[in-house]
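For reference, the structure is listed below as structure tokens.
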Amino acid sequence: MRIMFMGTPEFANYSLDALIEEGYDVCAVVTQPDKPRGRGHAMSHPDVYIRAEEYNIPIYQPENLKKETFEDILTSVNPDIIVVTAYGKILPEYVLNFPKYGCINVHGSLLPAYRGAAPMQWAIINGETKTGITIMYMEKGLDTGDMIIKEEVEITDKDTYETLHDKMAIVSKPTLIKALKLIGEGKIMREKQDDALSSYSPMIDKKTALIDWSKKATDISNLIRGLNPFPKAFTIFEGKGLKILEGYAVDKNYQAKCGEIVEVNKDNFVVCCGDDTFLEVLSIQPEGKRVMSVEDYLKGNKIEKNTYLG
């Protein structure tokens with residue numbers, strides 16, 4: 001079975017590794033064009049490009065997947081199946097219809113929940129206690145294709161996007177291989193998605209990351225965890241941006257307004273949130289500075305009680 005693999009970020013490397021480790025014929029890798037990264041904005045290869053180079057697999061980086069750009073590549077590679085993991089572009093219908101065994105996608109949720117670009121982040125933000133990997137056939141709709149196999153992953157109350165990402169990436173490897181074996185053996189039982197149970201996970205933007213202190217502390221804690229380490233939830237403190245990387249709901253009893261700092265301790269400060277709930281903040285990133293503990297920040301800076309965030 002000749003496989004064309006399409007993926008871009010680190011998460012996709014786990015799928016590519018799984019294919020190589022199982023001895024599949026990965027005849028080509030398609031990934032996004034190079035982009036500037038870091039403070040120097042130097043052009044850098046995507047994570048999948050670097051991994052594919054290590055495996056000596058032919059790499060393609062088309063600007064888009066229009067026929068005039070990509071059809072010749074597709075025809076020359078002539079894959080039996082296309083495996084997609086976090087590629088970052090929608091596949092046109094002519095691509096979806098090309099391979100003998102179709103195109104399958106490794107998606108980071110238990111479909112039909114959390115279709116879209118940021119399923120892991122939104123699962124944490126929304127306070128879910130489980131998510132998982134779904135291997136699905138791809139079709140024209142956004143993550144609407146028939147499902148092949150699912151594997152659940154627990155979300156703990158301490159999980160961040162980073163820790164959940166790593167757990168999901170590990171689970172994605174055997175789940176993908178199970179699906180490919182079922183396809184190869186002709187044992188697939190396609191399961192239609194119930195659109196009535198679907199939900200959407202849009203891309204994270206700056207508006208999403210801005211903390212609304214009128215929300216409950218548990219909701220704010222979920223937002224912080226879901227956006228750690230990137231792009232990080234933030235608020236405004238003394239006219240500047242303040243990113244918060246670690247904060248948890250705590251039991252306190254104060255008469256205060258939303259966003260008001262009610263306690264400043266050696267290693268944390270406590271903020272009043274909606275419905276008289278309170279958030280204990282442990283780790284921050286002041287504007288223009290590195291990530292640090294509140295304890296380290298307070299060694300050289302002041303946070304005054306009864307001042308406001310937001």
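Exactly one residue out of ILE82, ILE50, ILE59 is under 26 Å from LEU182 (Cβ atoms) and either in contact (Cβ under 8 Å) with a residue 40 or more places away in the chain or within 25 Å of the chain's Cα centre (by Cα) (or both): that is ILE82. Check whether at least one residue in region 100-116 is over 23 Å from VAL26 (Cα atoms), modelled with pLDDT of 95 or more and in a strand (DSSP E or B), and report yes or no. For region 100-116, residues over 23 Å from VAL26 (Cα atoms), modelled with pLDDT of 95 or more and in a strand (DSSP E or B): present. Is at least one residue of region 184-206 surrounded by 17 or more Cβ atoms within 10 Å (Cβ to Cβ) and assigned to a helix (DSSP H, G or I)? Scanning region 184-206, I find no residue that is surrounded by 17 or more Cβ atoms within 10 Å (Cβ to Cβ) and assigned to a helix (DSSP H, G or I), so the answer is no. Across region 129-142, a minimum of one residue is classified as within 30 Å of ALA217 (Cα to Cα), in a strand (DSSP E or B) and in contact with a Pro (Cβ under 8 Å, 6 or more places away or on another chain).
Quick check on region 85-103: of everything there that is among the β-branched types (Val, Ile, Thr) and without any contact (Cβ under 8 Å) to a residue 60 or more places away in the chain, which residue is nearest to ALA169 (Cα to Cα)? Going through the qualifying residues, I end up with ILE90. Got at least one residue in region 296-307 being open to solvent by 60 Å² or more (accessible area, probe 1.4 Å) and either assigned to a strand (DSSP E or B) or touching a Gly at 6+ places or on another chain (Cβ under 7 Å) (or both)? No, the conditions are met nowhere in region 296-307. Scanning region 140-156 for residues that are of a type in the set (Asp, Glu) and buried (at least 19 other Cβ atoms within 10 Å of the Cβ) returns a single hit, ASP143. Within the option set MET120, MET136, being under 25 Å from ALA249 (Cα atoms) and touching a residue at least 24 places away in the same chain (Cβ under 8 Å) holds for one residue only, MET120.
The values are calculated or read from the model by the stated rules, or taken from the named source; none is laboratory data. What you see is a predicted model; the values in this text were computed from it and never measured. Note that each Cβ is placed from the backbone with ideal geometry, even for glycine, and that neighbours are counted across all protein chains shown. Remember, those area values only see protein heavy atoms, side chains included, never the ligands or the DNA or RNA. Shrake-Rupley method; radii C 1.70, N 1.55, O 1.52, S 1.80 Å.
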